[in-house]
2 protein chains.
Amino acid sequence: MEQHYQLLRKHIEEICVLTDEEWDVVAQRFTYKSLKKHQFLIQKDQLVPCEYWIIKGLTKAYAIDSNGKEHILQFAMEQYWTSDFNAFQNKVPATIIIDCIEDSEFFCLKWEDREYLCHEIPKLNHFFRIKSHYGYIALQQRILSLLTETAEERYNNLIKKMPKLIQRVPKKLLAAYLGVTRETLSRF
Amino acid sequence: MEQHYQLLRKHIEEICVLTDEEWDVVAQRFTYKSLKKHQFLIQKDQLVPCEYWIIKGLTKAYAIDSNGKEHILQFAMEQYWTSDFNAFQNKVPATIIIDCIEDSEFFCLKWEDREYLCHEIPKLNHFFRIKSHYGYIALQQRILSLLTETAEERYNNLIKKMPKLIQRVPKKLLAAYLGVTRETLSRF
């Protein structure tokens, strides 16, 4: 477990260097969670108390339309933050579902604890601002991709941006993410 | 102009209260820009030095696909921040175009000035974190909407969320945003 905490400290300190005393305050606010493949991190219509930092594993965030069809928003793996951020921030029931594609381990941070930490250690605002900003950019790129690219262009860009992800995500899910059939995917 | 600055101060102080001295430091870093209807705020392939806070007016952010077709990402009006945030943050050429649907006025904040302000007045990190977070949530909702909703559902949700916007955006652009023809839009 100590090793996991050191990974998290390294992740935070890439943006915001902490003293040992500050790190102790931070570490105390994170809790550990482990889930098996196929288990849910977030279920539809439930409240979402935490945002989650992935220590190890792979998750998918998706939504289900009124016909019961599944639509994948994003995959996330080691060192990514994931949650239904609307539900998390605004304390409303989740509209996004997140489940595990592999056995996964997380550090969980409650909304109150994040605000507490940002208040106690103001430079953490900088860390969360930068993370949120990069998250925003990733989503803007996802929208641009959905609006303007063909499935094949989306596939090629995904290979460029997240080569490791492509190897780990089952072909069926990759096809769903790109909005094509498995047959079309295998032609790319 | 003083009135515009007071609007900006009010906007910031909804999240982060400033002393008069702090506000003076902030105000000095914003510059004013005014554009006529149809003029560009951001052009494709150009560098994007600023993010923009809309004092007055209405803009659309869009991308053009390889067939020359226009795809609208977002509309923005008074009190919204807009930019190509990827180009702005990572100092790469713009992939998004932003132009004015109405005569518009902006306060512009350069990347260096935003970082300077967050360094000089650390509580501004909190302001920009919260703004970025809400921006993230809005984009997540836009993706969910694109993936799971019909055009009519998208239209009804837009009426609920941004009733004033619907009245100001020309029908042709609204149809493009929803991904339907003008004839389909008039049936909703």
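One line per residue, one yes/no per condition, for (1) farther than 20 Å from B:GLN141 by Cβ; (2) modelled with pLDDT under 95; (3) of a type in the set (S, T, N, Q); (4) in contact with a Ser or Thr (Cβ under 7 Å, 6 or more places away or on another chain):
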| site | (1), (2), (3), (4) |
| --- | --- |
| A:LEU47 | no, no, no, no |
| A:GLU51 | no, no, no, yes |
| A:ASP65 | no, yes, no, yes |
| A:GLN79 | yes, yes, yes, no |
| A:PHE85 | no, yes, no, no |
| A:ASN90 | no, yes, yes, no |
| A:PRO93 | no, no, no, no |
Legend entry - Answer residue from region A:76-99, given it is within 12 Å of chain B (Cβ to nearest Cβ) and aromatic (Phe, Trp, Tyr) and is nearest to the chain's Cα centre (by Cα) among those: A:TRP81
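Would you please name the residue that is surrounded by the fewest Cβ atoms within 10 Å (Cβ to Cβ), looking only at residues in region A:1-26 that are among the polar types (S, T, N, Q) and part of a helix (DSSP H, G or I)?
Filtering first and then ranking leaves A:GLN3.
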Legend entry - Hey, A:LYS37 more than 23 Å from A:TRP111 (Cβ to Cβ) and of a type in the set (Lys, Arg) or not: yes
Inset, instruction - Could you list all residues from region A:132-155 that are of a type outside the set (Gly, Ala, Ser) and more than 9 Å from every other protein chain (Cβ to nearest Cβ)? - result: A:GLU152, A:ARG154, A:TYR155
Inset, instruction - Please work out which residue is farthest from B:TYR52 (Cα to Cα), limiting yourself to region B:100-126 and to residues that are facing another protein chain (nearest Cβ under 9 Å) and in contact (Cβ under 8 Å) with a residue 60 or more places away in the chain. - result: B:LYS123
Legend entry - Unique residue being surrounded by 13 or more Cβ atoms within 10 Å (Cβ to Cβ), in contact with a strand residue (DSSP E or B) (Cβ under 7 Å, 6 or more places away or on another chain) and among the charged types (D, E, K, R) when the list is A:LYS37, A:LYS44: A:LYS44
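Where residues in region B:47-75 are among the basic types (Lys, Arg) and surrounded by 15 or more Cβ atoms within 10 Å (Cβ to Cβ), which of them is nearest to the other protein chains (Cβ to nearest Cβ)?
Taking region B:47-75 first, the residues among the basic types (Lys, Arg) are B:56, B:60, B:69.
Now narrow it down to the ones that are surrounded by 15 or more Cβ atoms within 10 Å (Cβ to Cβ): B:56, B:60.
Details: B:LYS56: 24, B:LYS60: 13 Å.
Going through the qualifying residues, I end up with B:LYS60.
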Inset, instruction - Could you please let me know if B:SER186 is more than 18 Å from B:LEU73 (Cα to Cα), more than 11 Å from every other protein chain (Cβ to nearest Cβ) and in contact with a helix residue (DSSP H, G or I) (Cβ under 8 Å, 6 or more places away or on another chain)? - result: yes
Inset, instruction - Note down all Cβ pairs under 6 Å where the first residue falls in region B:22-42 and is free of Cβ contacts under 8 Å to residues at least 40 places away in the same chain, the second is of a type in the set (Lys, Arg), and they're at least six residues apart or on different chains. - result: B:TRP23/B:ARG9
Inset, instruction - Would you mind telling me which numbered condition in (1) under 17 Å from B:TYR177 (Cβ atoms); (2) acidic (Asp, Glu); (3) without any contact (Cβ under 8 Å) to a residue 40 or more places away in the chain B:GLU78 fails? - result: (1)
Inset, instruction - Considering every residue within region A:105-113, establish whether at least one is aromatic (Phe, Trp, Tyr) and out of contact with any helix residue (DSSP H, G or I) (no Cβ under 7 Å at 6 or more places or on another chain). - result: yes
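The values are calculated or read from the model by the stated rules, or taken from the named source; none is laboratory data. Treat the numbers as computed from the prediction; the structure is a model and nothing was measured. Here Cβ is always computed from backbone atoms with ideal geometry, including for glycine, and neighbour counts include all displayed protein chains.
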